[in-house]
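The structure under discussion appears below in the form of structure tokens.
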Amino acid sequence: MVTLAERAKQGGAEVRVLHAGDAIAPSLESRYFAGLQMIDALYRRVCSSLSAGRFPFVYGADCSVLLAAVPALRDVDGRAGLVFVDGHEDATPMDLSSSGEAANMEIALLLGLTGEQAPRPLHDRLPALDLGAIAMLGPRDQLFRQAANVPTVAGRVWLRSADEVSANPANCADLAVRQVAAHASRWWLHVDLDVLARSEFAACGAPGEVTLDGGLTWRQLTDIGLSAVQNGGCAGWSLSIYNPDLDPDRSAARNIVEFVARIAPSAGR
């Protein structure tokens, strides 16, 4: 099967691949400390890439990669923006989290809405975003949040739900970039593939995990990505979540490769 890098090159993108093993040292410590190690290593890698004038593309893991990427952009540029495309708001306060999973609270941490109890390496880099410097596209997790007694951040940040986005994805992306660009000249694009409907992409999450109703199509997500990066100002891009155990025939992987190939030639221009 054609790899992401190979397909992006075929589409005209200039690609330099840094494998995870180059960026993240193996660790025998707990997942907690390994997660902090990953975030610190990725932060340094993104800082290096941005400082060298390259366009970093972070593929894999989960939304906790934003705890590295956004502070890195802020520290290199002096200010950071974020266009956040996700089926969840990911703004759970630390004291309301039953799991302690960073990927459920990274937005709250980046905005400074929570984090007083965050471990030192994270705490020192937070907050990294102003409330006006984020635009959220695609959340549809109201039932999930209600069950956990987690309030929405709608009304505090610029947000368009999955239903609103699906009606005109390209226009919503344009408006999102306009919102973020008013507060930061350069911004990070993050796409969590759980923004897609399960009928479009089922290889995300863990087996048995509660799924969200609704969601976008690949065509709609592609329209969002293209419209966003073609507006200019996109400094880097992260893409998560993919579970190969839920993709036995690798059809979902092929869809991811084609999606990246359509966006990559326009990114970083």
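The values are calculated or read from the model by the stated rules, or taken from the named source; none is laboratory data. On a predicted model such as this, the values are computed, not experimentally measured, just so you know. Cβ placement follows ideal geometry from the backbone for every residue including glycine, while neighbour counts extend to all protein chains displayed.
Inspect the stretch 36-55 for any residue being part of a loop (DSSP other than H, G, I, E, B), at pLDDT below 95, surrounded by 15 or more Cβ atoms within 10 Å (Cβ to Cβ) and not β-branched (Val, Ile, Thr) and give the result as yes or no.
no
Take the stretch 68-95 and flag every residue that is of a type in the set (Val, Ile, Thr), surrounded by 24 or more Cβ atoms within 10 Å (Cβ to Cβ) and at pLDDT 95 or above.
Result: Val70, Val83, Val85.
Which ones in the stretch 248-262 are among the charged types (D, E, K, R) and either in a loop (DSSP other than H, G, I, E, B) or within 12 Å of Glu200 (Cα to Cα) (or both)?
Listed by number, the residues that qualify are Asp249, Arg250.
Please find, among Ala261, Ala235, the residue that is closer than 21 Å to Leu110 by Cβ and at pLDDT 95 or above.
Residue meeting the stated conditions: Ala235.
Looking for whichever is without any contact (Cβ under 8 Å) to a residue 40 or more places away in the chain and not β-branched (Val, Ile, Thr) here; the options are Gly87, Gly138, Gly112, Gly132. Which one fits?
Every option except Gly112 fails the conditions.
Which of the following residues is more than 23 Å from Ile134 (Cα to Cα), assigned to a helix (DSSP H, G or I) and at pLDDT below 95: Asp245, Asp213?
After applying the criteria, what remains is Asp245.
Which of the following residues is of a type in the set (A, V, I, L, M, F, W, C) and surrounded by fewer than 24 Cβ atoms within 10 Å (Cβ to Cβ): Leu216, Leu212, Leu196, Leu221?
Leu212 is the lone residue from the list that is of a type in the set (A, V, I, L, M, F, W, C) and surrounded by fewer than 24 Cβ atoms within 10 Å (Cβ to Cβ).
So, in the stretch 132-160, of the ones that are within 15 Å of Thr92 (Cβ to Cβ) and either of a type in the set (Gly, Ala, Ser) or under 18 Å from the mean Cα position of the chain (by Cα) (or both), which residue ends up surrounded by the fewest Cβ atoms within 10 Å (Cβ to Cβ)?
Ala147
Looking at Ala203, is it free of Cβ contacts under 8 Å to residues at least 60 places away in the same chain, of a type in the set (Gly, Ala, Ser) and more than 24 Å from Trp158 (Cβ to Cβ)?
So Ala203 fits the description; yes.
For the list (1) out of contact with any strand residue (DSSP E or B) (no Cβ under 8 Å at 6 or more places or on another chain); (2) free of Cβ contacts under 8 Å to residues at least 60 places away in the same chain; (3) more than 17 Å from Met105 (Cα to Cα); (4) not basic (Lys, Arg), I need the number of the one condition that Pro169 fails.
(1)
Would you confirm whether any residue within the stretch 117-130 is under 13 Å from the mean Cα position of the chain (by Cα), of a type in the set (A, V, I, L, M) and modelled with pLDDT of 95 or more?
no
Residue by residue through the stretch 154-175, note down the ones that are in a loop (DSSP other than H, G, I, E, B), at pLDDT 95 or above and under 21 Å from Ala80 (Cα atoms).
Of everything in the stretch 154-175, just one residue is in a loop (DSSP other than H, G, I, E, B), at pLDDT 95 or above and under 21 Å from Ala80 (Cα atoms), namely Arg156.
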